[in-house]
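Trainee: Pasting a structure below so you can have a look.
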Amino acid sequence: MVRAKQWVLKNTPDFGAPFNFDNDDPNATFELKSFDISPDDLKKGEILVETYLLSNDPAQKFWIATVDRNYSKGTQLGENIPARGIGKILASKNDNYSVGDYVTGRLCWTTAIIIGDPIAADVRKICPEEGDELWWYLSVYGSTALTAYFIFYKYLGLSETEKHYGKQFLISGAAGAVGTICVQLAVNVFKASKVIAIAGGSEKINYLESLGKVVVGVDYKDERFEQNLIKAAAENSVDYFVDNVGGSILDIGVKTLKIQGTIIACGSISGYNHPEELVFKNYVSVITKRLTLKGLLVTDCRENFPEAMKKLKKLVKDKSIDAKHSATLVDAEDDKFIYVPTIWSGLFQGINRGKLITVVKGMDQSRFAKGE
Ligand SMILES: NC(=O)c1ccc[n+]([C@@H]2O[C@H](COP(=O)([O-])OP(=O)(O)OC[C@H]3O[C@@H](n4cnc5c(N)ncnc54)[C@H](OP(=O)(O)O)[C@@H]3O)[C@@H](O)[C@H]2O)c1
């Protein structure tokens, strides 16, 4: 018998309003349930997975409270709260998965879960190589690293050739999971002439500048942000703007772009709890500067994940991407599982550097916590 804890949706939230994290309030967004699962109850095709690690993604806001049904239907009352994670198979009635396999997939905010349709839940086996940490499969080998990979190799269409070297990049949300990989790809793979990296606070700026001599960090929380950004980049100097934040950072960032520059619209986190920020006031510059604005969803690139993963492994091995410092791990083992929702909400306060990972089991083995 396995004792499982699972967070489910208690009250349907509005996308525009913040979630209610007060578990004692009848209007709380989430509810923690606890029950026993018997491996004997598994039906044909099902697997029982014990959760080790949970990925924290800003987009979970959309998976829970939908804003666009083209992207996600949202979560229904009583359903598990969607989250990607890594776990180990405890029991299997599916020929494609064996007890002891490590898998990544939609494990939700759970300590253990029966998955009826592993393909629908995007469950894929992972085979850590010697020396790998399990959590790297959510950071340098996770979906946010894949997102960064496809931004450069597919959406910007860059290849490792002379003509693509020496460009100037502007990257917002630069100290986060997607951002830190983007900065390292720009510096170490595409030999950028300059990378202007926007993040909040001096600690993150110092970290970003430590990634390469060509990196200039700009703190968006500084009241002189706009002047500092223009000074760092110069008007009309940036070739590629990878935007993870949207809102006023997008508006100001556009001023630095060259005529015919490119904006990659990867995310718009500044508006996920403040929909009034989901506007693009400088849109006219798209016309006057003849800019290219490209949106993307990493899930569209699924077919090419294996080749991307191969390349990411090579980049980690040759130290173009630093795996050791690629995540902030937060302990939610045992009684601390109650903190899973508030750990996730820490993304919006910037508690992470690199990927924010919640450790549900195995904290002892997750040695490289924040700052090490
Ligand atoms: N299109 C896709 O397929 C795809 C895939 C993955 C992620 N994304 C998007 O990419 C973005 C980054 O995702 P991630 O997983 O890498 O998250 P993350 O950057 O690891 O975490 C979010 C970071 O955003 C910053 N932030 C939070 N609120 C902000 C605000 N109001 N203004 C400016 N910065 C703010 C915080 O850093 P500071 O301390 O610097 O504020 C925080 O650490 C998100 O918008 C996400 O939705 C898109």
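The values are calculated or read from the model by the stated rules, or taken from the named source; none is laboratory data. What you see is a predicted model, and the numbers here were worked out from it, not measured in a lab. Using ideal geometry, Cβ is built from the backbone for each residue, glycine included, and neighbour counts are taken over all protein chains shown.
Trainee: Read through the list (1) within 18 Å of N352 (Cβ to Cβ); (2) among the hydrophobic types (A, V, I, L, M, F, W, C); (3) in contact (Cβ under 8 Å) with a residue 60 or more places away in the chain, then give the number of the only condition that L257 fails.
Mentor: (1)
Trainee: Exactly one condition in (1) without any contact (Cβ under 8 Å) to a residue 24 or more places away in the chain; (2) within 18 Å of E79 (Cβ to Cβ); (3) not hydrophobic (A, V, I, L, M, F, W, C) is not met by D22; state its number.
Mentor: (2)
Trainee: Can you tell me which residues in the stretch 28-54 are of a type in the set (D, E, K, R), in a strand (DSSP E or B) and in contact (Cβ under 8 Å) with a residue 60 or more places away in the chain?
Mentor: Within the stretch 28-54, E50 is the sole residue that qualifies.
Trainee: Please tell me if E235 is exposed (fewer than 15 other Cβ atoms within 10 Å of the Cβ), more than 19 Å from the chain's Cα centre (by Cα) and modelled with pLDDT under 95.
Mentor: So E235 fits the description; yes.
Trainee: Can I ask one more? Checking the conditions here, which among K324, K314, K310 is free of Cβ contacts under 8 Å to residues at least 60 places away in the same chain and part of a loop (DSSP other than H, G, I, E, B)? Spell out the reasoning first.
Mentor: Details: K314 fails: part of a loop (DSSP other than H, G, I, E, B); K310 fails: part of a loop (DSSP other than H, G, I, E, B).
Answer to the check: K324.
Trainee: If you go through the stretch 183-215, how many residues are surrounded by fewer than 21 Cβ atoms within 10 Å (Cβ to Cβ), of a type in the set (A, V, I, L, M, F, W, C) and more than 19 Å from A145 (Cα to Cα)?
Mentor: The qualifying residues number 1.
Trainee: If you don't mind, there's one more thing I want to ask. Any residue at all in the stretch 148-160 that is hydroxyl-bearing (S, T, Y), under 28 Å from T342 (Cα atoms) and in contact (Cβ under 8 Å) with a residue 12 or more places away in the chain?
Mentor: Scanning the stretch 148-160 turns up no residue that is hydroxyl-bearing (S, T, Y), under 28 Å from T342 (Cα atoms) and in contact (Cβ under 8 Å) with a residue 12 or more places away in the chain.
Trainee: Now for a separate question. If I ask for residues that are touching a Lys or Arg at 6+ places or on another chain (Cβ under 7 Å) and outside any loop (DSSP other than H, G, I, E, B), which ones from the stretch 212-245 would you list?
Mentor: V216, I230, V238, D239, Y240
Trainee: Being on the phi < 0 side of the Ramachandran plot, more than 18 Å from the chain's Cα centre (by Cα) and either part of a loop (DSSP other than H, G, I, E, B) or free of Cβ contacts under 8 Å to residues at least 24 places away in the same chain (or both) is true for just one of Y71, Y97. Which residue is that?
Mentor: Values: Y71 fails: more than 18 Å from the chain's Cα centre (by Cα).
Only one candidate passes the filter, namely Y97.
Trainee: Go through the stretch 175-206 and give me each residue that's outside any helix (DSSP H, G or I), within 13 Å of the ligand (Cβ to nearest atom) and on the phi < 0 side of the Ramachandran plot.
Mentor: Selection gives A175, G176, A197, I198, A199, G200.
Trainee: State yes or no: is C266 touching a residue at least 60 places away in the same chain (Cβ under 8 Å), near the ligand (Cβ under 8 Å from one of its atoms) and either hydrophobic (A, V, I, L, M, F, W, C) or surrounded by fewer than 20 Cβ atoms within 10 Å (Cβ to Cβ) (or both)?
Mentor: Yes: the conditions hold for C266.
Trainee: Please indicate, with yes or no, whether at least one residue in the stretch 329-338 is assigned to a helix (DSSP H, G or I), modelled with pLDDT of 95 or more and either under 15 Å from G142 (Cα atoms) or among the basic types (K, R) (or both).
Mentor: Yes - at least one qualifying residue is present in the stretch 329-338.
Trainee: L158 is checked against (1) closer than 19 Å to L257 by Cα; (2) away from the ligand (no atom under 16 Å from the Cβ); (3) in a helix (DSSP H, G or I) and fails just one. What number does that condition carry?
Mentor: Of everything listed in (1) closer than 19 Å to L257 by Cα; (2) away from the ligand (no atom under 16 Å from the Cβ); (3) in a helix (DSSP H, G or I), L158 misses just condition (3).
Trainee: Within the stretch 230-259, restricting attention to residues that are within 24 Å of Y153 (Cα to Cα) and of a type in the set (D, E), which residue is nearest to the ligand (Cβ to nearest atom)?
Mentor: If we filter the stretch 230-259 for residues that are within 24 Å of Y153 (Cα to Cα), which is where we start, we get 233, 236-246, 250, 253-254, 256-259.
After this cut, where a residue has to be of a type in the set (D, E) as well, the list is 239, 243.
Details: D239: 20, D243: 9 Å.
Of everything passing the filter in the stretch 230-259, D243 is nearest to the ligand (Cβ to nearest atom).
Trainee: Now for a different question. Given the residues G354, G362, which is the only one that is on the phi > 0 side of the Ramachandran plot and more than 18 Å from the chain's Cα centre (by Cα)? First the steps, then the outcome.
Mentor: Details: G354 fails: more than 18 Å from the chain's Cα centre (by Cα).
Every option except G362 fails the conditions.
Trainee: Still on this structure, please answer the following. Mind checking which residues of the stretch 275-293 are free of Cβ contacts under 8 Å to residues at least 12 places away in the same chain and within 16 Å of the ligand (Cβ to nearest atom)?
Mentor: If the condition is that a residue be free of Cβ contacts under 8 Å to residues at least 12 places away in the same chain and within 16 Å of the ligand (Cβ to nearest atom), then E276 is the only one that fits.
Trainee: May I ask you to list the residues in the stretch 157-180 that are closer than 19 Å to G253 by Cβ and buried (at least 22 other Cβ atoms within 10 Å of the Cβ)?
Mentor: Q168, F169, L170, I171, S172, G173, A174, A175, G176, V178, G179, T180 - these are the residues of the stretch 157-180 that are closer than 19 Å to G253 by Cβ and buried (at least 22 other Cβ atoms within 10 Å of the Cβ).
Trainee: For the stretch 330-346, give me each residue that is within 13 Å of the ligand (Cβ to nearest atom) and buried (at least 20 other Cβ atoms within 10 Å of the Cβ).
Mentor: Once the filter is applied, which keeps residues that are within 13 Å of the ligand (Cβ to nearest atom) and buried (at least 20 other Cβ atoms within 10 Å of the Cβ), the stretch 330-346 yields V330, I343, W344.
Trainee: Inspect all residues belonging to the stretch 303-325 and state whether any of them is exposed (fewer than 13 other Cβ atoms within 10 Å of the Cβ), within 16 Å of the ligand (Cβ to nearest atom) and not hydrophobic (A, V, I, L, M, F, W, C).
Mentor: Within the stretch 303-325 (the criterion being exposed (fewer than 13 other Cβ atoms within 10 Å of the Cβ), within 16 Å of the ligand (Cβ to nearest atom) and not hydrophobic (A, V, I, L, M, F, W, C)), the answer is yes, since at least one residue qualifies.
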